[in-house]
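The values are calculated or read from the model by the stated rules, or taken from the named source; none is laboratory data. Computed from a prediction, not measured in an experiment: that's the story for all the values here. FYI the Cβ positions are ideal-geometry reconstructions off the backbone, even for glycines, and counts take in every protein chain you see.
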Amino acid sequence: MSEIKNIVEALLLSSGEPLSADRIHKIINSKKSCTKADILETIDELNIEYNEKEIEVTRVASGFRIQAKSSINDFLNIIYAEKTPRYSRALMETLSIIAYKQPVTRGDIESIRGVSVSSSIMRTLTDRNWIKIVGYKDVPGKPAMFSTTNEFLDYFGLEKLTELPDLPDIKEPENLNLDLEPETLNEVTAVSSDQLN
């Protein structure tokens, strides 16, 4: 069993992407006899061994991967500071809307954000394979409906969409008095009519 564990660990460390238990089983079973239960048991054993280390086997949407624990993020940030791509606020807002409201059309996104969505943002999200077209809305023009992908979940370390953080409650302003005094209303009307002339 220790040989299987060593192979599973090596596969997870060597793979550039998460591996599902089925995929690991298929790879190992092509050369050595094992069951899918053996693979899952091995992953649990690896995590027990990693208790004293700063790495762990994590399950994400596409399968399992070995990654650093969040306790060393400060050190990792130093390594990746120059390599981490910077995403604009507009891109992150667009991605958030798709993640939380999916499936959505470009028009839905623009309605929520209050501004148009640039083609370059949609292209970047598609090129990163974080979003995909999942259908077309049955309205005139048949706009594409977008949804997130497993790669999106993998990148953000999530197994499923329900793991997204809750959105903060938006509180209505309290004691907001919008009643205008008659004199103020007359002043506003006078200014408006002066601007029209």
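When I72, I79 are checked against the criterion of being free of Cβ contacts under 8 Å to residues at least 12 places away in the same chain, in a helix (DSSP H, G or I) and among the hydrophobic types (A, V, I, L, M, F, W, C), I79 stands alone in meeting it. Within the bounds of the stretch 119-142, is there any residue that is at pLDDT 90 or above, surrounded by 14 or more Cβ atoms within 10 Å (Cβ to Cβ), part of a loop (DSSP other than H, G, I, E, B) and in contact with a Lys or Arg (Cβ under 7 Å, 6 or more places away or on another chain)? So far as the stretch 119-142 goes, no, none of its residues is at pLDDT 90 or above, surrounded by 14 or more Cβ atoms within 10 Å (Cβ to Cβ), part of a loop (DSSP other than H, G, I, E, B) and in contact with a Lys or Arg (Cβ under 7 Å, 6 or more places away or on another chain). When Y50 is tested against (1) closer than 17 Å to I24 by Cα; (2) surrounded by 15 or more Cβ atoms within 10 Å (Cβ to Cβ), just one condition goes unmet, and that condition is (1). Could you check, for the stretch 46-57, whether at least one of its residues is touching a His at 6+ places or on another chain (Cβ under 8 Å), β-branched (V, I, T) and assigned to a helix (DSSP H, G or I)? Among the residues of the stretch 46-57, not one is touching a His at 6+ places or on another chain (Cβ under 8 Å), β-branched (V, I, T) and assigned to a helix (DSSP H, G or I), which makes the answer no. Residues in the stretch 8-47 that are surrounded by 14 or more Cβ atoms within 10 Å (Cβ to Cβ) and of a type in the set (V, I, T): V8, I24, I27, I28, I39, T42, I43. Of the residues making up the stretch 11-39, those that are part of a helix (DSSP H, G or I) and either on the phi > 0 side of the Ramachandran plot or of a type outside the set (A, V, I, L, M, F, W, C) (or both) number 8.
For residues that are under 16 Å from G157 (Cα atoms) and of a type in the set (D, E, K, R), scanning just the stretch 55-75, find the one that is surrounded by the most Cβ atoms within 10 Å (Cβ to Cβ). Filtering first and then ranking leaves R65.
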